[in-house]
1. So which residues in segment 8-43 are more than 13 Å from Y160 (Cβ to Cβ), touching a helix residue (DSSP H, G or I) at 6+ places or on another chain (Cβ under 9 Å) and modelled with pLDDT of 85 or more, if there are any at all?
2. Which of the residues belonging to segment 139-162 are open to solvent by 50 Å² or more (accessible area, probe 1.4 Å) and either among the charged types (D, E, K, R) or outside any loop (DSSP other than H, G, I, E, B) (or both)?
3. Does segment 30-45 hold any residues that are closer than 30 Å to A121 by Cα and either open to solvent by 20 Å² or more (accessible area, probe 1.4 Å) or touching a Cys at 6+ places or on another chain (Cβ under 8 Å) (or both), and which are they?
4. Of all residues in segment 117-136, count the ones that are under 14 Å from Y58 (Cβ atoms) and either open to solvent by less than 40 Å² (accessible area, probe 1.4 Å) or in contact (Cβ under 8 Å) with a residue 12 or more places away in the chain (or both).
5. Going by what's in this entry, would S130 be described as within 22 Å of E47 (Cβ to Cβ) and polar (S, T, N, Q)?
6. With the structure loaded, tell me whether I174 is surrounded by 14 or more Cβ atoms within 10 Å (Cβ to Cβ), touching a residue at least 12 places away in the same chain (Cβ under 8 Å), over 23 Å from R4 (Cα atoms) and not aromatic (F, W, Y) or whether it fails that test.
7. Would you check which residues across segment 51-67 are of a type in the set (S, T, Y) and either open to solvent by less than 20 Å² (accessible area, probe 1.4 Å) or more than 29 Å from R139 (Cα to Cα) (or both) and list them?
8. Checking V48 against (1) open to solvent by less than 60 Å² (accessible area, probe 1.4 Å); (2) in contact with a helix residue (DSSP H, G or I) (Cβ under 9 Å, 6 or more places away or on another chain); (3) farther than 30 Å from L166 by Cβ, only one condition comes out false. Which one?
Amino acid sequence: FLARYPDIQIDLGVSDRPVDLVSERVDCVIRGGPLTEQSLAVRRLGEVSWTTCASPGYLQRHGTPTHPKDLHEHLMVRYHSAATGRVLPARFQRDGEQHLVEGKAAVSVNESNAHLAAGVAGLGIIHTFSYTVRAHVERGELVPILQDWQPAPYPFHVLYPPNRHLSNRVRVFIDWLVETFSRVD
């Protein structure tokens, strides 16, 4: 974005906590999952797929699960919501069969980079967005498992206050986000 628009300054906050755009004076935010805010303007960015994986060391020590039910006997790096503190279960589906798995955990986190780092460190199985683990899989640091059990892709949107005049800077940023997400799977 900055290569294309070098005169625009970005103040970027990266957090898994919910942000109140109006009270925190934020121009726009990227949100994943089902939309709950009815008062904000929305533009769809796209959907991303899921990958369940673990480090080679973890799989060597604990074996490789072949069915989501097997995860109840494995350690998972659990992810809990920054907003509610509740564990977000891993979702699996195949041929109309669905499983939600929280699993046992030695580590539970509320931030996506920590989630990935714990998986790479061999602390358990992670269930996360495919684009976040792709490079680690390519380097052999993580091994995909349960590949035939894929939940529906996860939607992402950019949201912004509807009554605020959308500046040209924010408009081109949103257009760039849409373009960038079109290349992510």
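1. Within segment 8-43, I8, Q9, I10 meet the criteria.
2. R139, E141, V143, D148, Y154 - these are the residues of segment 139-162 that are open to solvent by 50 Å² or more (accessible area, probe 1.4 Å) and either among the charged types (D, E, K, R) or outside any loop (DSSP other than H, G, I, E, B) (or both).
3. Of everything in segment 30-45, those that are closer than 30 Å to A121 by Cα and either open to solvent by 20 Å² or more (accessible area, probe 1.4 Å) or touching a Cys at 6+ places or on another chain (Cβ under 8 Å) (or both) turn out to be I30, R31, G32.
4. 12
5. Yes.
6. Taking the combined requirement at face value, the residue does not satisfy it.
7. The answer is T52, S55, Y58.
8. (3)
The values are calculated or read from the model by the stated rules, or taken from the named source; none is laboratory data. What you see is a predicted model; the values in this text were computed from it and never measured. Note that each Cβ is placed from the backbone with ideal geometry, even for glycine, and that neighbours are counted across all protein chains shown. Protein only, heavy atoms only, side chains kept; ligands, DNA and RNA dropped before computing areas. Shrake-Rupley method; radii C 1.70, N 1.55, O 1.52, S 1.80 Å.
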